[in-house]
Structure formats: structure tokens, C-alpha cells
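Here it is, the structure, as C-alpha cells.
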Amino acid sequence: MKALFIIWMMIVFSFQQASAQKVTAKERRATRVEEVHQLVKSGNFRFVARTATPLAGSKIDLTSPYDLEIRGDSVEAYLPYFGRAYQASYGSNDGGIKFEELSNEKTIEFNERKSLYLINFNVKAVQDSYKISLSVGLSGYADLRISPTNRQAISYYGIVEALPKKVE
């Protein structure tokens, strides 16, 4: 009987410790909302694409790491492209959206009604110019729409996260 009582007390204490250590869903959400606010306001963050949706096609799940990094006015893109090209560079076998350039006409606004950030800017790269629109929800999920001059538009869905720390 004494052994049963000891086992029962151990079970009760373990449940108390587990419930004391649990972070509620509301607390996790509040932390994530504050993190997204700080990332967008700092202007230094990374969009990691999980799916791509061409203008004339269905959603494509991406299995490799593709991203768009924003560091102030500097933008670096490494994204796949699926769609129709109106004009292609001669001898180029690079079909993705890849550039490291400065952004122009950058605007950041917060839509109170939809609870998301709208970030719009233009990029003039060597091969093409791009109109880029990024919608970032407070949960960290985001939609990226890129409209190249010489190709059809394409959309990406993914998450926004902090830039990785550089190893020196």
C-alpha cells in the first residue's frame, strides 16, 4: 500500500512540473508576433520559400533551400523560376531568379485590418528588373510575388526568419 502511495505521489508531482514548464499557445504566439514586428522594422530578415506558384500552373513544393534576403536596401535572391520567358539571354543556362542588388522605391506599411506588413520595392539587376511585393503576416508566414520584366510573374509562399549568423 505504501509503494502504491509513493508511485501515485510521483505521478502527481511529474504532472505538476510538466504543467508549470509548459508555455501556453498564447504566449508562443505573442512571442512570434513581437519577433515578426522586430524583424520587419529592422529591415534585416530572410524569406524562405516553401512553395512556388507560376502564373500559369499549379503549386510546386520546393525541397531545396531557396530564399530572399533583405539587408536594409540590399536584396539577395536565390529562387527557382517556373514559367514563360518572353526574352532570354543568349547562352545563359541560369533559369532561376538570382541577383544581389540594391532595392529602389521601397515602401513598408502595416495593414491594421489584415494584420500584416506589405513591403514593396523594385530591383534592377543585370539581366532583368523586378517588381517585388512581400506580404508578411504576424504569424511569420509570408507571400512573395515577383514580376520580372522579361518573364511571367511568379508567387512564393514561405516563412520569414532572422538572418543566419555569419561565421567568421
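Looking at the range 50-86, which of its residues are in contact with a strand residue (DSSP E or B) (Cβ under 6 Å, 6 or more places away or on another chain), assigned to a strand (DSSP E or B) and over 23 Å from E105 (Cβ atoms)?
Correct list: R50, T51, A52, T53, P54, I60, D61, L62, Y66, A85.
Now, a different point. Check whether at least one residue in the range 33-44 is in a strand (DSSP E or B) and surrounded by 14 or more Cβ atoms within 10 Å (Cβ to Cβ), and report yes or no.
Among the residues of the range 33-44, at least one is in a strand (DSSP E or B) and surrounded by 14 or more Cβ atoms within 10 Å (Cβ to Cβ), which makes the answer yes.
Among the numbered criteria (1) farther than 14 Å from I70 by Cα; (2) touching a residue at least 12 places away in the same chain (Cβ under 8 Å), which one does K166 miss?
Single failed check for K166: (2).
Of R84, R71, R113, which residue is free of Cβ contacts under 8 Å to residues at least 24 places away in the same chain and charged (D, E, K, R)?
None of the other options fit; the residue is R113.
Tell me, which residue of the range 22-72 that is closer than 20 Å to F99 by Cβ and acidic (D, E) is nearest to the chain's Cα centre (by Cα)?
In this case the residue turns out to be D67.
Something else now. Name the one entry in I159, I97 that is in contact (Cβ under 8 Å) with a residue 40 or more places away in the chain and within 20 Å of N44 (Cβ to Cβ).
Among I159, I97, only I159 is in contact (Cβ under 8 Å) with a residue 40 or more places away in the chain and within 20 Å of N44 (Cβ to Cβ).
Here, each number is a calculation from the coordinates, and none is a lab measurement. These numbers come from a predicted model, not from an experiment. In this analysis, Cβ positions are derived from the backbone assuming ideal geometry, glycine residues included, and neighbour counts consider all displayed protein chains.
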